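Read through the structure below, which is laid out as structure tokens, and then see the notes.
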Amino acid sequence: MRLLLLAAPGGGKGTQGMRVAALFGVQHISAGDLLRAQARAGTQVGREISSYQERGDLVPDQIVFDVLTPVIVAAAACGGYILDGFPRTLPQAAAAGDLGARLGLTLDAAIYLQAPEPVLVQRLLARAGEAGRGDDTAEVIRHRLQVFAETTSPLIDYYRDRGILLTVDADQPPESVTDEIEDKPAGLSFIRDTT
Ligand code: ADP
């Protein structure tokens with residue numbers, strides 16, 4: 001099974017990515033986590049990644065492909081994946097589609113986790129108060145939400161036009177969101193039965 005989770009920051013991609021991957025027995029691939037791991041490695045490219053992430057800007061596409069492609073290809077050979085945070089731009093979606101076509105892999109569904117902006121902001125600020133990531137400050141959060149609105153949200157229509165978009169109400173407790181993802185579509189039950 002190959003799914004993509006699409007959501008604004010705070011929408012719950014990470015949480016649902018873990019839960020849904022465990023549910024379906026496939027790998028959770030978090031673009032943000034993989035990029036943060038590279039950043040921590042402290043290499044030159046890691047420092048570059050870190051500077052984009054700290055500002056809440058998107059990391060350049062080429063770096064993202066270099067980091068993500070081998071992981072996706074390996075996971076595809078082991079039964080599938082839940083993609084969390086990639087693709088995140090239209091050019092990334094086009095490139096991911098081309099890669100998929102070359103490898104004979106297509107996405108089964110793109111799941112849009114939808115929640116109102118005040119809920120997103122509240123969740124991110126709450127996280128900032130707990131463990132906190134460097135990009136969970138009020139100013140950077142505002143910028144990340146703007147980047148989502150301008151650059152990532154066109155993917156909602158992109159996948160809707162391809163007939164694979166499923167929208168889930170993400171303004172519910174995590175268990176309920178997972179249940180909705182699991183129950184949602186006749187399509188997904190079908191996918192689950194065939195993997
Ligand atoms: P959130 O969705 O809350 O912003 P993520 O962990 O998904 O959290 O992403 C954090 C940061 O990682 C982004 O602000 C961006 O800098 C970088 N990033 C993650 N995925 C991508 C991607 N596909 N393309 C470019 N940058 C990305």
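The values are calculated or read from the model by the stated rules, or taken from the named source; none is laboratory data. All figures in this text were calculated on a predicted structure; none of them were measured in a lab. Counting neighbours? That spans all protein chains shown, and the Cβs are built from the backbone with ideal geometry, glycine included. Please note that ligands, DNA and RNA were not included when accessible areas were found on the heavy atoms of the full protein model with its side chains. Shrake-Rupley method; radii C 1.70, N 1.55, O 1.52, S 1.80 Å.
For the chain, calculate the relative contact order in percent as a whole number, restricting contacts to Cα pairs under 8 Å that are 6 or more residues apart.
Relative contact order for the chain comes out at 33 percent.
Using alpha carbons only, how many angstrom separate the centre of segment 147-165 from the centre of segment 27-85?
20 Å
Between Ala41 and Asp61, with labels modelled 7 Å along Cα→Cβ, what's the label distance in nm to one decimal, could you check?
Taking the two extended label points, one gets 2.3 nm.
Heavy atoms only, probe 1.4 Å: what % of the accessible area of the chain goes to carbon and sulfur, would you let me know?
Roughly 53 percent of what the probe reaches on the chain is carbon or sulfur.
Can you give the calculated 222 nm mean residue ellipticity of the chain, where each DSSP H run of n ≥ 4 adds -39,500 (n - 2.57) and the sum is split over every residue, rounded to the nearest 500 deg cm²/dmol?
Result for the chain: -18000 deg cm²/dmol, rounded to the nearest 500.
How do Arg127, Arg142 rank by accessible surface area computed with a 1.4 Å probe, from largest to smallest?
Order by accessible area, largest first: Arg142, Arg127.
How much of Arg133 can a 1.4 Å solvent probe reach, expressed as accessible area in Å² and rounded to 10?
Here the accessible area works out near 80 Å².
Give me the extension gain from Gln122 to Asp33: residue separation times 0.36 nm, minus the current Cα-Cα distance, reported in nm with one decimal.
29.9 nm
Please sort by residue number the chymotrypsin sites (Phe, Trp or Tyr not before Pro) in segment 30-98 whose DSSP state is loop and whose Cβ has at most 10 other Cβ atoms within 10 Å.
Counting only loop positions with at most 10 other Cβ atoms within 10 Å, none of the chymotrypsin sites (Phe, Trp or Tyr not before Pro) in segment 30-98 qualifies.
What is the Cα convex hull volume of segment 1-154 when expressed per residue in Å³?
Enclosed volume per residue, from the Cα hull, is 109 Å³.
What whole-number value in Å² describes the accessible area per residue of segment 139-189 for a 1.4 Å probe?
Result: 53 Å² of accessible area for each residue.
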